[in-house]
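Down below is the structure, laid out as structure tokens.
The values are calculated or read from the model by the stated rules, or taken from the named source; none is laboratory data. A quick note: this is a predicted structure, and the numbers were derived from the prediction, not measured. With ideal geometry, Cβ positions are generated from the backbone for all residues, glycine too; neighbour counts draw on all protein chains shown. These accessible areas exclude ligands, DNA and RNA; they are computed on the full protein's heavy atoms, side chains included. Shrake-Rupley method; radii C 1.70, N 1.55, O 1.52, S 1.80 Å.
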Amino acid sequence: MTIQTLVLTDADAGVHLDHGELRPNNTMDLRGSPHWSIRWRTLRGGVSDGVDVVELDNGHLSLCILPTRGMGIWKGRFNDLPLEWKSPVERPVHPKFVNQLDRGGIGWLHGFNELLCRCGLAFLGPPGDDRGEKLTLHGRIANLPAHRVEVRVDTTGPGSLELRGVVDESSMFGARWRLTTTYRLEAGSNYCSITDDITNLGGQPAELSLLYHINIGRPFLEPYASYAVPSIEVAPRDARAAQGIDNYQIYGAPVAGFQEQVYFHTPIGGGDGWTTALLANASGHAGFAVHFQTRQLPTFSVWKNTVAEADGYVTGLEPGIVFPNFRGFERERGRLPIVQPGHTYRSELALEVADTLDSVRKITDRIHLLQGKTATTVHRQPIERLSAVPK
């Protein structure tokens with residue numbers, strides 16, 4: 001067994017490697033794949049100037065991760081399948097170009113183009129005033145850079161690639177959070193595990209908000225694509241979503257001016273707490289799955305945004321601690337966990353990509369097994385317990 005660790009960024013030690021790569025060599029062969037690599041670079045020019053990108057490639061699955069943007073995933077590829085969506089924001093945006101107060105507090109959208117970005121940590125959801133605090137859309141964590149980043153290659157078993165980053169969300173007279181995130185790809189697999197440890201560095205108990213905005217476009221999203229997640233119940237977020245409740249699991253073709261629809265699920269976990277959500281294309285030959293631990297992430301939201309291609313044809317599969325409602329509403333419903341000083345909240349999830357009819361069917365079978373004999377209650381209108389927009 002050989003483990004090699006390389007620090008790419010350490011702000012405290014004055015370390016920053018702006019480009020380089022690791023490849024197989026005499027001491028670092030991985031049994032699971034002879035074609036793995038880790039590459040890193042700093043983008044230059046335009047609004048991407050200064051954005052760090054780290055690409056993990058296990059020989060089949062590759063992911064481009066952005067330490068400069070809260071350790072989010074920009075895009076990826078599995079064999080011949082692109083993992084991305086075509087945002088009107090075409091390139092990664094350095095946080096210095098994102099004013100979250102713009103457009104009435106929704107300036108977060110100026111940098112929104114990732115396959116995966118985190119919402120939180122002190123707050124998420126729509127902007128507004130919460131007990132005198134002005135909140136902006138979806139919080140700060142996605143627009144904060146990691147101050148320490150390291151990669152690791154482990155030859156144990158088939159071998160694995162890891163990327164670990166540490167991001168602090170801190171403010172004087174405010175919350176102090178530390179996100180320590182680890183991405184792990186086993187060599188040659190179609191699977192990426194993600195572990196986030198979120199520590200309260202402050203001296204007082206603090207409310208934690210967290211939601212994973214996982215955004216998927218073509219070739220998984222297309223007319224008659226569908227999603228599935230084992231659920232106790234599902235409800236439309238608002239009156240607009242209620243209009244589509246009869247076909248809430250089915251996607252349409254791009255429509256100019258389409259108004260987004262959001263559906264809130266109460267997911268069912270297995271005996272170990274894990275569950276699975278799947279987006280499958282119309283033929284069932286391509287699937288994108290999100291596995292998540294419901295004991296840590298008890299909510300699940302689906303964002304349907306089937307607008308014109310030029311405006312961002314996309315859907316979001318979104319496990320979370322809370323629903324993407326205003327923080328005050330989620331507090332009133334008792335969904336905001338309180339983390340004590342020095343304590344850590346762990347959340348675990350994984351991404352899996354399937355590119356054959358059989359592999360998609362296996363994921364679908366798991367979802368059916370988790371659903372079991374429980375009939376999903378479909379609420380035709382928003383319900384006050386779940387939605388901050390009851391009508």
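Could you list all residues from region 54-70 that are over 21 Å from ARG23 (Cβ atoms) and surrounded by fewer than 21 Cβ atoms within 10 Å (Cβ to Cβ)?
The answer is none; no residue qualifies.
Residues are listed down the side, and each one gets a yes or a no for (1) of a type in the set (Val, Ile, Thr); (2) at negative phi; (3) surrounded by fewer than 24 Cβ atoms within 10 Å (Cβ to Cβ):
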position	(1), (2), (3)
GLY120	no, no, no
GLY128	no, no, yes
ASP154	no, yes, yes
GLU162	no, yes, yes
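Is one or more of the residues making up region 58-67 touching a helix residue (DSSP H, G or I) at 6+ places or on another chain (Cβ under 6 Å) and closer than 26 Å to VAL307 by Cα?
No: region 58-67 contains no residue that is touching a helix residue (DSSP H, G or I) at 6+ places or on another chain (Cβ under 6 Å) and closer than 26 Å to VAL307 by Cα.
Suppose we filter region 259-283 for residues that are part of a loop (DSSP other than H, G, I, E, B), within 21 Å of ASN305 (Cα to Cα) and open to solvent by less than 50 Å² (accessible area, probe 1.4 Å); how many remain?
Matching residues across region 259-283 total 1.
Open to solvent by less than 10 Å² (accessible area, probe 1.4 Å) and either touching a helix residue (DSSP H, G or I) at 6+ places or on another chain (Cβ under 8 Å) or among the basic types (Lys, Arg) (or both) - does that describe any residue in region 231-241?
yes
What residue, among those in region 1-15 that are of a type outside the set (Asp, Glu) and under 26 Å from the mean Cα position of the chain (by Cα), is farthest from ASP57 (Cα to Cα)?
Looking at the filtered set, the residue picked out is ALA11.
Hey, does region 209-221 have a residue that's open to solvent by less than 40 Å² (accessible area, probe 1.4 Å), hydrophobic (A, V, I, L, M, F, W, C) and more than 27 Å from PHE326 (Cα to Cα)?
Yes: region 209-221 contains one or more residues that are open to solvent by less than 40 Å² (accessible area, probe 1.4 Å), hydrophobic (A, V, I, L, M, F, W, C) and more than 27 Å from PHE326 (Cα to Cα).
Within region 278-333, track down each residue that is among the β-branched types (Val, Ile, Thr), over 27 Å from LYS134 (Cα atoms) and within 17 Å of the chain's Cα centre (by Cα).
Of everything in region 278-333, those that are among the β-branched types (Val, Ile, Thr), over 27 Å from LYS134 (Cα atoms) and within 17 Å of the chain's Cα centre (by Cα) turn out to be VAL290, THR294, VAL314, THR315.
Filter region 98-149 down to residues that are under 19 Å from GLY312 (Cβ atoms), part of a loop (DSSP other than H, G, I, E, B) and of a type in the set (D, E, K, R), then give me how many there are.
The qualifying residues number 1.
If I go through region 136-187 residue by residue, how many of them are among the aliphatic types (A, V, I, L, M) and in contact with a Pro (Cβ under 8 Å, 6 or more places away or on another chain)?
6
How about region 336-380: which of its residues are closer than 30 Å to ALA175 by Cβ, open to solvent by 30 Å² or more (accessible area, probe 1.4 Å) and more than 21 Å from the chain's Cα centre (by Cα)?
Those that are closer than 30 Å to ALA175 by Cβ, open to solvent by 30 Å² or more (accessible area, probe 1.4 Å) and more than 21 Å from the chain's Cα centre (by Cα): ILE338, GLN340, PRO341, GLY342, HIS343.
Would you point out the residue of region 157-209, among those that are out of contact with any Gly (no Cβ under 7 Å at 6 or more places or on another chain) and among the acidic types (Asp, Glu), that is farthest from PRO337 (Cα to Cα)?
Across region 157-209, the extreme among qualifying residues is GLU162.
On the given criteria, is THR199 more than 25 Å from VAL262 (Cβ to Cβ), polar (S, T, N, Q) and open to solvent by 40 Å² or more (accessible area, probe 1.4 Å)?
The answer is no for THR199.
Out of all the residues in region 43-53, is one or more within 27 Å of ASP311 (Cα to Cα), open to solvent by less than 30 Å² (accessible area, probe 1.4 Å), touching a strand residue (DSSP E or B) at 6+ places or on another chain (Cβ under 7 Å) and not in a loop (DSSP other than H, G, I, E, B)?
Checking region 43-53: at least one residue is within 27 Å of ASP311 (Cα to Cα), open to solvent by less than 30 Å² (accessible area, probe 1.4 Å), touching a strand residue (DSSP E or B) at 6+ places or on another chain (Cβ under 7 Å) and not in a loop (DSSP other than H, G, I, E, B).
For the subset of region 71-97 comprising residues that are of a type in the set (A, V, I, L, M, F, W, C) and not in a loop (DSSP other than H, G, I, E, B), which member is surrounded by the fewest Cβ atoms within 10 Å (Cβ to Cβ)?
PHE97
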